[in-house]
Amino acid sequence: MFDVFQNVLAEVQREVSDASFKTWFKDVELTNLDRKAKVATIGAPNVFVTKQLESKYLEMLMEAFRHNKIELTKIDFTVKSTGKTKVRSREIRNEEGITLGGAERMSSVGELAGRMRGMKPTGGFNTGLNSKYTLDNFVVGRNNDLAAGVARLIVKQPGGKYNPFFLYGGPGLGKTHLVQAIGNAILERDPKCRVLYITMNHFYSEFINSIRANKGEEFVRKYQKLDVLIIDDFQMIIGKDRSQEEFFNIFNDLHQANKQIIVTSDRLPDQIKTLDARLSSRLTWAGAYDLQFPGFEDRCAILKAKAEFMGQEIEDAAIEFIAENVKTNIRDLEGEFQKIMVTSEIRGMSPLELINEGYISGSVVQRRRNVTARQVVEKVAKYYNLTVIEMTGKSRVSNIKTARQVAMYLLSKELGMSTTKIAPEVGVKDHTTVMNGLKRIEAEQKTDFMLRDQVEQIREAIYG
């Protein structure tokens with residue numbers, strides 16, 4: 001029975017990308033096959049994976065079984081038993097970034113905690129890495145599965161096909177986690193590898209200090225000896241012309257030596273002001289990969305993973321409530337979770353009881369609840385130096401139209417309003433106009449980082 005399932009998986013692997021297969025099929029198992037009833041039961045590591053398999057890959061799996069001479073009328077997807085939700089001393093399985101654990105299958109949370117105590121030195125060389133960031137505790141969802149898949153390929157072959165690896169996205173979406181996880185995973189495979197994680201501001205400070213101390217050559221040699229260079233917050237290179245030139249030279253030296261270069265930024269290279277065109281082009285030689293804000297199911301998966309890792313019990317309804325109400329970034333999502341869990345412990349109430357009783361004053365959730373549609377419209381108009389009357393009028397001047405559509409977007413995303421309810425708030429009659437506006441702002445934020453920054457600034461003003 002189980003040999004047949006390996007054949008099924010092999011067939012699926014031929015049909016999907018490597019990243020998709022590793023993300024959704026790596027840890028699935030055939031737990032039961034009832035040939036008489038024509039029903040197969042497949043176990044997955046968590047609810048999020050089961051939903052993805054059922055919604056996206058059900059027909060493909062049915063067909064693969066059929067090719068292996070097993071006719072099915074139904075496939076049941078279940079979560080593989082891992083005991084109680086609260087983590088105690090037990091093996092933590094590698095579950096493709098959803099369930100947390102160490103690559104060496106540590107046997108207890110105590111061992112995991114020991115691995116998470118800070119920067120990771122290798123032989124006297126300070127890597128700058130924080131060992132708490134691993135690929136195993138990076139939650140993979142539709143918002144980041146491509147980048148996560150590439151990250152795993154880089155670990156297998158540093159300096160290969162995906163070099164340089166340019167990762168971009170808004171704040172609090174996990175860029176730092178993912179790139180440091182790559183560094184940690186590479187060191188797990190080869191402890192002798194020289195990996196350095198550094199922020200651009202730190203790189204700049206180090207470079208300036210080397211000039212002042214007349215140690216420029218020593219600075220360059222340090223970087224030339226690296227096997228993996230990870231630069232975080234690359235957008236901070238703006239205005240640092242000498243650092244830019246030095247980084248360009250280091251980049252070329254490492255790349256020609258087939259050493260892995262990993263760079264994160266909050267925007268694409270060609271949208272970083274004053275960035276040299278040659279360097280901008282080189283940074284995206286192997287493509288650019290973005291992290292987007294996770295959808296509702298992804299946010300639930302993140303919270304479930306955090307609860308399991310922290311050994312905390314929380315009701316599914318409480319997780320769904322937090323995921324539904326916190327739509328800013330992952331950092332805020334986890335911060336809200338932690339605040340509720342701490343308050344729950346102090347008050348001796350379960351998280352759901354806490355939420356139902358209204359003990360969330362001052363939280364992201366409470367601030368969102370207190371915001372009205374009128375306040376959103378007023379904040380948007382003020383940001384664009386318009387009056388509410390101007391913004392909600394019939395003018396189709398570009399900046400007014402953009403402001404109106406941003407208001408539509410925030411009313412939808414922040415207050416969960418329907419298109420028909422949004423229309424009168426922004427002065428349009430047809431709800432399809434709202435739908436088109438939402439699509440435009442949603443799409444353009446992926447590449448127009450000025451617009452994305454504007455939306456974030458307005459959102460902060462609304463809740464500030």
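The values are calculated or read from the model by the stated rules, or taken from the named source; none is laboratory data. Not measured: the values here are computed from a predicted model. Backbone-built Cβ (ideal geometry, glycine too); neighbour counts: all protein chains shown. Quick note on the areas: whole protein, heavy atoms, side chains included, nothing else; ligands and nucleic acids left out. Shrake-Rupley method; radii C 1.70, N 1.55, O 1.52, S 1.80 Å.
Scanning the range 392-421 for residues that are closer than 19 Å to A461 by Cβ, hydrophobic (A, V, I, L, M, F, W, C) and more than 26 Å from the chain's Cα centre (by Cα) turns up I400, A403. Annotation note: of D270, D298, D290, the sole residue that is among the acidic types (D, E), within 25 Å of T447 (Cα to Cα), in contact (Cβ under 8 Å) with a residue 40 or more places away in the chain and out of contact with any strand residue (DSSP E or B) (no Cβ under 8 Å at 6 or more places or on another chain) is D298. The helices (runs of 4 or more DSSP H) found entirely in the range 394-451 that carry 2 or more residues being basic (K, R) and touching a residue at least 24 places away in the same chain (Cβ under 8 Å) are 398-415.
Can you tell me which residues in the range 222-264 are part of a loop (DSSP other than H, G, I, E, B) and β-branched (V, I, T)? Within the range 222-264, just I238 meets the criteria. Figure legend. Inter-residue proximity from the range 212-234: first residues of a type in the set (G, A, S), second residues open to solvent by less than 50 Å² (accessible area, probe 1.4 Å), beta-carbon distance below 8 Å, spacing 6+ or different chains. Indicated pairs: G216/S210. Residues in the range 305-344 that are open to solvent by 60 Å² or more (accessible area, probe 1.4 Å), in contact (Cβ under 8 Å) with a residue 40 or more places away in the chain and of a type in the set (A, V, I, L, M): M310 alone.
For the range 7-25, taking the residues that are in a helix (DSSP H, G or I), within 29 Å of the chain's Cα centre (by Cα) and β-branched (V, I, T), the one that is modelled with the lowest pLDDT is identified as T23.
Scanning the range 425-464 for residues that are among the β-branched types (V, I, T) and open to solvent by 10 Å² or more (accessible area, probe 1.4 Å) yields V428, T432, T433, T447, I462. Cβ-Cβ distances below 9 Å connect the following pairs, each with a first residue in the range 183-199 that is touching a residue at least 24 places away in the same chain (Cβ under 8 Å), a second residue that is surrounded by fewer than 17 Cβ atoms within 10 Å (Cβ to Cβ) and part of a loop (DSSP other than H, G, I, E, B), and a separation of six or more residues or different chains: N184/A103; A185/A103; E188/A103; E188/E104; R189/A103; P191/G123; K192/G123; R194/K225.
Scanning the range 26-59 for residues that are open to solvent by 60 Å² or more (accessible area, probe 1.4 Å), free of Cβ contacts under 8 Å to residues at least 60 places away in the same chain and outside any strand (DSSP E or B) gives R35, K36, K38, E54, S55, K56, E59.
Restricting to the range 267-304, name every residue that is of a type in the set (D, E) and either farther than 21 Å from D316 by Cα or open to solvent by 20 Å² or more (accessible area, probe 1.4 Å) (or both). Result: D270, D276, D290, E297.
Do you know which of the residues in the range 281-333 that are among the aromatic types (F, W, Y) and assigned to a helix (DSSP H, G or I) is farthest from N46 (Cα to Cα)? Can you show your working first?
At the first step, the residues of the range 281-333 found to be among the aromatic types (F, W, Y) are 285, 289, 293, 296, 309, 321.
From the residues that got through so far, the ones that are assigned to a helix (DSSP H, G or I) too are 296, 309, 321.
Details: F296: 15, F309: 14, F321: 19 Å.
The qualifying residue farthest from N46 (Cα to Cα) is F321.
Taken across the range 411-424, residues that are touching a His at 6+ places or on another chain (Cβ under 7 Å) and open to solvent by 20 Å² or more (accessible area, probe 1.4 Å) do occur, with at least one present.
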